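Note sheet for the following structure.
Computed from the coordinates by the stated procedures, all read-outs in this text should not be read as laboratory data. Predicted model, so just to flag it, every value in this text is computed and none were measured. Every residue, glycine among them, receives a Cβ derived from its backbone with ideal geometry; neighbour counts consider all protein chains shown.
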Amino acid sequence: MNTPSNAVPESSLNSQAIAPAAMSATRPMYWSVRRELWENRSIYVAPLAAAAVVLLGFLIGQMYMPHTMREPAEMDPAHQLAMPYSHAAWLLMLTAFIVGVFYSLDALHGERRDRSILFWKSLPVSDLTTVLSKASIPLVVLPLLVSAIIVVTLLIMLLLSTAFQPLTGVGASTLWARLPLFQMELVQIYSLAVLALWHAPLYGWLLLVSGWARRATFLWAVLPVLAICAFEFIAFHTSYFGSLLKNRLFGFASDAFSFTGPDGVPLDPHLILLTQLTPGKFLSTPGLWLGLGVTAALLAAAVRLRRYRGPI
Amino acid sequence: MAYIEARGLRKVFGATIAVDGVDLRVEEGRILGLIGPNGAGKTTALNAILGLTSYQGELRVLGRDPWTERDQLMRDVSFIADVAVLPRWIKVSQALEYVAGVHPRFDRAKAEGFLAKTNIRSASKVRELSKGMVAQLHLALVMAIDAKLLVLDEPTLGLDILYRKQFYDSLLNDYFDRSRTIVVTTHQVEEVQNVLTDLMFINRGRIVLNCSMEEFESRYLELMVNSEHLAAARALRPIHERQVLGRSILLFDGVDRQQLAALGDVRTPSIADLFVAVLGNQGGAAQGAAL
């Protein structure tokens, strides 16, 4: 992992004049992101631990409860086979969301709390680079990492199923033929991208609060929002703000996926296939672009705020 | 070009004026000691110089506005703000890697050379190091950066005497040269007296004394006066007088050495004594002077 530091030969005399300008754009960003991973190991430990729990549970399920797989169900057998895989993937995505939320709440607060902001500010890294590197954790790093973990986890689950197929009674060929694993993995990667884009303003808000609040970042992030909801309900007996929030949390689903078949039949939400993805509709939702605009504004505010902020 | 140039530098926090119209010019190759009581405005002034706080008035550091160009400025400026700002979770090896990654003028081999002379292992985390070792680590990082200006705000606070001595020794022997400038604030003035080239006293946000050490040595003399000459000595208008073991010690500003030598023992005063004299004359201003 040392190669990037050797990649730019800054020690040679000729390049010394060029190096500062050349490195300014990407290297501080790269190292700032690595720094986040050093400090916050939960970014990869938590999804890996969740994957381990999923795999262990699946393994035990395969060993002790083979009957459930054999019982004839009214459900389509492919769907029945796919269920544990789908649930595993959604569990990992939920883990990524939780890690992203708590990471963001601490990202700009921790460095002020432990006074290390004075050390970071003594280095030629701009506030913009710092804030963007922190925002990239929930928006880029976690989705990529969890995509990879999901791909590997689902593969291991398939291999486990194959190994236990004499017990479960599902033939390996049936399993491999009926389970649309590759499709499912592509759908999960798509979903992670959709979630990151749709939830971006949430992370932007959390980062801003973590840069602003002196203490209790979680309360500052949540209580004002609840207060607005309560105020609106008491004063006007409406809940527009609440629906706005709900839409920001879950509203991506109706735009990014289609849950009705071509003949108008509702489809099983547990197993989403490639044909059900509607990226065009998602990308043309005004809510998405509005959200991204709000994210940019929140991050810009966080950048500006960091300039004024010292240790707490 | 002056490394630091300030005109009418001012910083107000609510009703408190932390820095009150400071004019300052620091050239290259200087070691400036900024001395003042707690709350005198030293740290605020340094923070303005380092781009950590906004200010009013004119300020240029290496030709840049520190408040708007901090990240650019930090290629040529290093600072140790306090002994305890290295993040506690970071490993020594990670700190080296990170600074090498983001700083174009960091010489990793040099930093490793400094660390090799200490007991700091590269696998240790900062939280596992003693206070003195953290200071050594920070100093090793900073000394391996080829900066023009180094700012040290109470760099040896809380360190024991061995570390403090080593700190200034390595700074002078391994780091300082005539193309760099160091600005240091400290309460341990006796330790820096022989290190400084320039001296500045700051009190209540204003500069009350600003001179080079040559000037300091030629201008200020301390006379341990023989009791029979006390009246004659007082007639020369000392700026300060104190009693030590029954003898009077008088501090003079700009009085001829020969003239004083006839009245008793003459020597260069310590910075601390001059500080007390200068601030004492400001009418109780020295209260809380932590010297």
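Tell me the mean residue ellipticity at 222 nm calculated for chain A from its helices only (DSSP H runs of n ≥ 4, each -39500 (n - 2.57), averaged over every residue, nearest 500). If you can, show how the numbers build up before the last one.
On the way: 18 runs with 234 residues, N = 312.
So the helix-based figure for chain A works out to -24000 deg cm²/dmol.
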_For B:K165, give me every one of the lysines with a C-alpha distance below 19 angstrom, ignoring sequence neighbours fewer than eight places off in its own chain._
B:K117, B:K131
*Give the cross-link partners of B:K42 among the lysines, using a straight C-alpha distance below 20 Å as the criterion and excluding same-chain residues fewer than 8 apart.*
A:K121, B:K11
*What's the average, rounded to a whole number, of partner chain beta-carbon atoms within 10 Å of each residue's beta-carbon in B:63-74?*
3
*So what J values fall out for the stretch A:122-132 if you push phi through Karplus, 6.51 cos²θ - 1.76 cosθ + 1.60 with θ = phi - 60°, rounded to Hz, Gly and Pro as x?*
7, 10, x, 10, 6, 4, 4, 4, 4, 5, 5
_Once you place label points 7 Å from the Cα toward the Cβ at A:E232 and A:L55, how far apart are they in nm?_
4.4
_If you average the C-alpha positions of the stretch A:112-149 and of the stretch A:219-292 separately, how far apart do those two centres end up, in angstrom?_
28
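Counting DSSP beta bridges with both partners in the stretch B:4-204, what percentage is antiparallel, nearest 5?
Looking only at bridges with both residues in the stretch B:4-204, the antiparallel portion is about 50 percent.
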*Would you please give the residues with an amide H less than 5 Å from that of B:V19, counting only those at least 5 places away or on a separate chain, with H modeled from the backbone geometry?*
B:K11
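Can you compute the helix-only [θ] at 222 nm over chain B? Use -39500 (n - 2.57) per DSSP H run of at least 4 residues, normalise by all residues, nearest 500 deg cm²/dmol.
Working: 11 runs with 87 residues, N = 291.
Value at 222 nm, helices only, nearest 500: -8000 deg cm²/dmol.
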*What list of ³J(HN,Hα) values in whole Hz, one per residue of the stretch B:36-45 in order, does the Karplus curve 6.51 cos²θ - 1.76 cosθ + 1.60 (θ = phi - 60°) give from phi, with Gly and Pro shown as x?*
x, x, 4, x, 7, x, 4, 5, 4, 4
_Please enumerate, by chain and number, the lysines with C-alpha under 17 Å from the C-alpha of B:K125, excluding those fewer than 8 residues away in the same chain._
B:K91
*asked:* Show me the ranking of peptides A:139-151, B:151-163 by mean Cβ neighbours inside 10 Å, starting with the highest.
replied: A:139-151, B:151-163
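Rank the residues A:H270, B:H240 as a footprinting-exposure proxy: fewest other Cβ atoms within 10 Å of their Cβ go first. Can you show the working numbers first?
On the way: A:H270 14, B:H240 19.
So the residues, fewest neighbours to most, are A:H270, B:H240.
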*How far is helix B:131-143 tilted off the main Cα axis of chain B, in degrees rounded to 10, range 0 to 90?*
80
*Sort B:V85, B:V266 so the one with the fewest other Cβ atoms within 10 Å of its own Cβ comes first.*
B:V266, B:V85
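Summing Lys, Arg as +1 and Asp, Glu as -1, what charge do residues with Cβ under 12 Å from the Cβ of B:G280 carry, B:G280 excluded?
On the way: positive: B:R242; negative: B:E241, B:D273.
Spelling it out: positives minus negatives among the neighbours equals -1.
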*Cβ-based exposure ranking for B:E214, B:E222, A:E111, in which fewest neighbours within 10 Å come first*: B:E214, B:E222, A:E111
_Let me make sure I get this right: for the stretch A:26-308, a, b and c are the square roots of the gyration tensor eigenvalues over alpha carbons, sorted descending. Under 1.5 in a/c it's rounded, otherwise prolate if a/b > b/c, else oblate. Which is it?_
prolate
*Rounding to the nearest 20 debye, state how big the charge dipole of the protein assembly as shown is about its Cα centre with +1 on each Lys and Arg Cβ and -1 on each Asp and Glu Cβ.*
380
